[in-house]
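Structure first, then comments.
FYI, it's all coordinate maths here, none of it is from the lab. Everything numeric in this text was worked out from a predicted model, so none of it was measured. Counting neighbours? That spans all protein chains shown, and the Cβs are built from the backbone with ideal geometry, glycine included.
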């Protein structure tokens, strides 16, 4: 697995240059997407709240690392206890690995005991491309003013090994803690790691 990450990182470099991510400190791009129940969810409806965006692909080994270990669920739960809105987004296109319909998304959330505020389906990749999401997971934190304050990996251990989680710095929880304390986010960007987002036509 040690040899896979440099290869994956090299492959993703092309995706990162093709998908322009909004700069830190800029207004977070808006979107409206159906959730797993078919209800439309818009970023605008969470004005005045801190929001976390998590790009998700259940079949990705890096996503499995954080869900099978319970790390993602613990991070979701900690965020939501503080009133943070957590939106999991699946930008896998139809026919691509990881793509799910609403029923499959609901089964995933229930099976993993996940705790997002909503699981959103972005089969056309509209939201993913607006944010420049290139990996699963790829994490973003939006502050109460609607500004993007963090973008990157969930932590600083870029592997698919669950054993690396205890010694990792959870960038998302750190950013949320700093926001809660009224501080600037000290690590505002990091290199995202994981599987490439399987956009439609990709």
Checklist outcome for this item: Rounded to the nearest 5, the percent of DSSP beta bridges in the chain running antiparallel is 60
Next on the checklist: Modelling each spin label as a point 7 Å along the Cα-to-Cβ direction, I'd like the residue 126/residue 103 distance in nm, to one decimal.
Outcome noted: 2.5
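Treat the count of other C-beta atoms within 10 Å as a stand-in for reagent exposure and order 136, 40, 75 from fewest to most.
Lowest count first: 40, 75, 136.
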Item to check | Volume per residue of the C-alpha convex hull in the chain, rounded to whole Å³ | outcome: 108
Next on the checklist: Under the rule a/c < 1.5 gives rounded, and otherwise a/b versus b/c splits prolate from oblate, where does the stretch 130-189 land using the Cα gyration tensor?
Outcome noted: oblate
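Work out how much length residue 113 to residue 200 would gain on full extension: take 0.36 nm times their residue separation and subtract the Cα-Cα distance, in nm to one decimal. Working shown, then result.
On the way: separation 87, 0.36 × 87 = 31.32 nm, distance 2.79 nm.
So the extension gain works out to 28.5 nm.
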Checklist outcome for this item: With -39,500 (n - 2.57) per DSSP H segment of 4 or more residues and division by the full residue count of the chain, the 222 nm estimate, nearest 500 deg cm²/dmol, is -9000 deg cm²/dmol
